[in-house]
Every structure is written in C-alpha cells, then in structure tokens.
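See below for the structure under consideration.
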Amino acid sequence: MRIGELAKRTGVPPRMLRYYEEQGLIAPRRLDNGYREYDEYLVDRVVKVRGLLDSGIPTRIIGDMLPCLDQPQGVVVANPDPELRALLVRESERMSERIALLEHNRDALVRYISAMDRTAGGEQAAS
C-alpha cells in the first residue's frame, strides 16, 4: 500500500510516517519509481508505535522495543541497560496510573449516560 493509504488506515499523517521511517520504526520497500510501498503488517506496527508515543515513550526506546511489538513471546535482550529498565518501569507505572484514571472517567461517563437514559425514559413515559 502507498503512504496515503497507510495514513488513512492508521490515522497517522504521512509526514509522521516518514518520521517513523527516519527513526527506523518502520521500513517500507522502495519501488523502482522511488515510491514507498508499505506491507500490511505495518498497519498494526504504526498503531502500536503511535500508542507508545502518545504514552510518552521516546522513539529511541520504541526502536529498542520493536521485537516486543512484533513477536512478544520471542524477545531476548542481550545487554540489558539498568537505567533503561528503570525508565521503562517508571513509564509502565505511569501508564497503569493513566489507565486507572481513564477507566474511572469511562465509568463516570457510563453512569452519566445511564442517568440520561433513565431521565429520557421517564419523560417518554410521562408524555
């Protein structure tokens, strides 16, 4: 697929996809005419990369994590960096806190929607 289709399917602008390529996060094939050709598996990778970036993980760390994105069961880290591990633990904890907050807010929205539905149901019954 071309860059425009990948952008459309992932919601990531073409300019950002080219940045991902510069950072080594994705590697499209080049056609004879120089156009980029993106394989289907890159749709999933781009979505995951975008999620990690949105969570505050820098591209240099995401690059190291690529094997975990594609093959989570077969990851082997040859020379683990203790500082990187500590950073990733902090980021994981921060994500967990954010997830808990998002779940709390989602539950509040669901309760509010339910209350609106009950009100709407009561008004319809009274009419």
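The values are calculated or read from the model by the stated rules, or taken from the named source; none is laboratory data. Values in this document were obtained by computation on a predicted structure and should not be read as measured data. Backbone-built Cβ (ideal geometry, glycine too); neighbour counts: all protein chains shown.
One table, with the values for the structure above:
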read-out: Unmet requirement for residue 7, which otherwise passes all of (1) under 29 Å from residue 89 (Cβ atoms); (2) more than 13 Å from the chain's Cα centre (by Cα); (3) surrounded by 18 or more Cβ atoms within 10 Å (Cβ to Cβ); (4) of a type outside the set (Lys, Arg); value: (1)
read-out: Qualifying residue in the stretch 31-52 (condition: more than 23 Å from the chain's Cα centre (by Cα), modelled with pLDDT of 90 or more and over 23 Å from residue 3 (Cα atoms)); value: no
read-out: Meets criteria (modelled with pLDDT under 90, of a type in the set (S, T, N, Q) and either exposed (fewer than 11 other Cβ atoms within 10 Å of the Cβ) or closer than 29 Å to residue 101 by Cα (or both)) for residue 79; value: yes
read-out: Any hit, the stretch 23-32, residues being in a helix (DSSP H, G or I), of a type in the set (A, V, I, L, M) and under 25 Å from residue 85 (Cβ atoms); value: no
read-out: Complete set of residues in the stretch 33-59 that are assigned to a loop (DSSP other than H, G, I, E, B) and among the acidic types (Asp, Glu); value: 39, 40
read-out: Some residue of the stretch 61-72 being modelled with pLDDT under 85, under 26 Å from residue 96 (Cβ atoms) and exposed (fewer than 12 other Cβ atoms within 10 Å of the Cβ); value: yes
